[in-house]
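Undergrad: Before I ask anything, here is the structure I am working with.
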Ligand SMILES: Nc1ncnc2c1ncn2[C@@H]1O[C@H](COP(=O)(O)OP(=O)(O)OP(=O)(O)O)[C@@H](O)[C@H]1O
Ligand SMILES: [Mg+2]
């Protein structure tokens with residue numbers, strides 16, 4: 001049964017209202033003062049409160065603002081006289097949903113009940129159509145409830161207690177760096193975390209970046225420089241995209257892991273290496289070992305403790321919690337107040353395959369949030385690119401010169417163009433082409449590509 005609280009110091013009016021609402025099937029509570037009203041409001045949980053503007057103790061709007069402060073639920077309708085317009089407007093600004101003029105007539109009350117019914121139906125409809133975002137997540141956590149992600153979290157807890165080397169495997173955007181940081185903060189929070197991306201730096205530079213160098217080690221080495229190995233101290237050295245570490249450096253790094261010491265480039269002194277190593281890869285290292293693009297002995301060293309993060313499409317239960325998490329974060333970052341997401345969009349997000357995994361989800365939501373002004377997330381389903389890369393388009397194809405080219409010619413031409421584009425930088429070219437450095441070198445040799453940079 002619907003419960004109503006009537007707050008009016010005019011006891012005759014209160015009684016009339018009580019009889020009227022009881023005849024409509026309401027459970028009625030009556031209060032003559034604000035103090036009484038507040039107690040009944042707190043204990044009786046009314047769905048509707050009829051509130052007189054003029055009361056003997058504090059007035060209606062003041063009582064309303066108190067109720068709002070206390071987060072007391074229930075729709076509030078003011079009972080007002082013409083001379084109280086200002087106070088009534090004030091009450092509306094505080095969240096009252098409607099008002100009735102005194103003297104009350106039955107038509108006005110009937111109309112009110114109809115309006116309330118309609119309002120309830122509308123809000124139930126909206127409730128059904130939209131997913132309400134809960135606000136309980138804290139920033140920088142690993143979010144998810146799938147078995148896949150729970151196993152990852154379990155592994156993080158286990159490995160954090162030991163100084164073991166860790167290999168994190170996962171497609172792009174699955175959260176490899178996040179996992180590496182979490183291990184670090186669980187095991188050595190007050191020590192340094194040094195990350196280095198093996199794909200983004202060229203061979204020689206990568207070596208200096210890792211090992212550091214002594215003054216005069218090579219032309220341009222005008223003073224000693226400390227490398228990431230040394231900087232990482234008793235903390236963590238995070239080697240991202242380890243598959244791109246050149247073979248010479250793989251050998252050198254293997255020695256560091258075995259001997260737990262190293263020398264700066266051009267130096268003779270051995271420096272102890274005490275940090276934990278975490279390596280990450282989005283390539284299949286075992287396959288690279290087979291094709292001789294990755295050293296088997298280094299692979300075995302790294303493989304002691306492997307954490308594999310499954311792609312998002314294999315743990316769809318995580319999508320809704322991630323959506324909530326990112327929307328809450330983006331609300332703060334972008335000063336938005338999105339609270340709901342239409343069910344059809346949420347379903348589409350859960351169904352989508354996410355080739356770019358969590359990062360792609362984050363980016364799509366950022367785009368939607370930037371365009372959303374109200375409480376409901378604005379979304380364009382076209383942002384989810386359903387055409388997978390392998391899918392053939394049926395649109396017509398008219399090659400240059402009438403005859404399609406051989407695949408090898410296309411590849412040669414493309415590699416040459418990319419190398420021109422990167423001004424001969426192999427590391428960047430590898431990144432763009434999505435192949436490893438040894439593969440690139442082999443193709444350059446096989447195709448006889450010569451560059452004039
Ligand atoms: N389970 C998760 N919970 C919360 N945030 C996550 C989760 N997984 C990934 N993220 C977020 O998604 C983004 C991408 O994650 P991250 O950079 O760690 O991925 P990655 O695997 O290192 O990607 P890449 O291979 O492209 O380097 C980051 O902003 C990260 O914080
Ligand atoms: Mg990464």
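Undergrad: Does region 293-307 contain at least one residue that is within 16 Å of ligand 1 (Cβ to nearest atom), in contact with a strand residue (DSSP E or B) (Cβ under 6 Å, 6 or more places away or on another chain) and either closer than 17 Å to residue 175 by Cα or in the same structural domain as residue 249 (by TED's automatic domain parsing) (or both)?
TA: yes
Undergrad: Does residue 380 satisfy the condition of being touching a helix residue (DSSP H, G or I) at 6+ places or on another chain (Cβ under 8 Å) and at pLDDT below 85?
TA: yes
Undergrad: With the requirement that a residue be part of a helix (DSSP H, G or I) and within 16 Å of ligand 1 (Cβ to nearest atom), what does region 204-245 give you?
TA: Matches in region 204-245: 242, 243, 244.
Undergrad: Residues to consider are 180, 199; find the one that is within 16 Å of ligand 2 (Cβ to nearest atom), in a helix (DSSP H, G or I) and under 27 Å from residue 434 (Cα atoms).
TA: Going through 180, 199 in turn, the sole match is 180.
Undergrad: When you scan region 350-373, do you find a residue that is touching a strand residue (DSSP E or B) at 6+ places or on another chain (Cβ under 7 Å) and surrounded by fewer than 20 Cβ atoms within 10 Å (Cβ to Cβ), even just one?
TA: No, region 350-373 has no match at all.
Undergrad: Does any residue of region 62-82 turn out to be closer than 18 Å to residue 16 by Cα and free of Cβ contacts under 8 Å to residues at least 12 places away in the same chain?
TA: No, the conditions are met nowhere in region 62-82.
Undergrad: Another question, then. Among 338, 304, which is within 28 Å of residue 157 (Cα to Cα), modelled with pLDDT under 95 and not in a helix (DSSP H, G or I)?
TA: 304
Undergrad: Looking for something near ligand 1 (Cβ under 10 Å from one of its atoms) and either within 11 Å of residue 278 (Cβ to Cβ) or in contact with a helix residue (DSSP H, G or I) (Cβ under 8 Å, 6 or more places away or on another chain) (or both) - is there at least one such residue anywhere in region 154-167?
TA: Looking through region 154-167, none of the residues is near ligand 1 (Cβ under 10 Å from one of its atoms) and either within 11 Å of residue 278 (Cβ to Cβ) or in contact with a helix residue (DSSP H, G or I) (Cβ under 8 Å, 6 or more places away or on another chain) (or both).
Undergrad: Still on this model: Name the residues in region 246-263 that are part of a loop (DSSP other than H, G, I, E, B) and at pLDDT 95 or above, would you?
TA: 260, 263
Undergrad: Among the candidates 51, 64, 19, single out the residue that is surrounded by fewer than 16 Cβ atoms within 10 Å (Cβ to Cβ) and on the phi < 0 side of the Ramachandran plot.
TA: Checking each option against the conditions leaves just 19.
Undergrad: Out of the residues in region 77-100 that are assigned to a loop (DSSP other than H, G, I, E, B) and in contact with a strand residue (DSSP E or B) (Cβ under 6 Å, 6 or more places away or on another chain), which is surrounded by the fewest Cβ atoms within 10 Å (Cβ to Cβ)?
TA: 97
Undergrad: Consider residue 292 carefully, then state whether it is within 16 Å of ligand 2 (Cβ to nearest atom) and either over 23 Å from residue 246 (Cβ atoms) or assigned to a loop (DSSP other than H, G, I, E, B) (or both).
TA: Considered against the rule, which asks whether it is within 16 Å of ligand 2 (Cβ to nearest atom) and either over 23 Å from residue 246 (Cβ atoms) or assigned to a loop (DSSP other than H, G, I, E, B) (or both), residue 292 comes out as no.
Undergrad: Here is a further query. Just wondering, is there one or more residues in region 244-262 that are within 22 Å of residue 144 (Cα to Cα) and assigned by TED's automatic domain parsing to the domain that holds residue 218?
TA: No - not one qualifying residue is present in region 244-262.
Undergrad: Can I ask one more? Filter region 24-76 for residues that are part of a strand (DSSP E or B) and either under 46 Å from the mean Cα position of the chain (by Cα) or outside the structural domain of residue 97 (by TED's automatic domain parsing) (or both) and give the result.
TA: 27, 48, 49, 50, 51, 75, 76
Undergrad: Return only the number of the condition from (1) buried (at least 17 other Cβ atoms within 10 Å of the Cβ); (2) touching a residue at least 40 places away in the same chain (Cβ under 8 Å) that residue 225 does not satisfy.
TA: In the conditions (1) buried (at least 17 other Cβ atoms within 10 Å of the Cβ); (2) touching a residue at least 40 places away in the same chain (Cβ under 8 Å), residue 225 misses (2) alone.
Undergrad: Which of the residues spanning region 1-15 are buried (at least 16 other Cβ atoms within 10 Å of the Cβ) and assigned to a helix (DSSP H, G or I)?
TA: 13, 14
The values are calculated or read from the model by the stated rules, or taken from the named source; none is laboratory data. In this text, all values refer to a predicted model and were calculated from it rather than measured experimentally. A quick note on method: Cβ atoms are made from the backbone with ideal geometry, for glycine too, and the neighbour counts reach across all protein chains shown.
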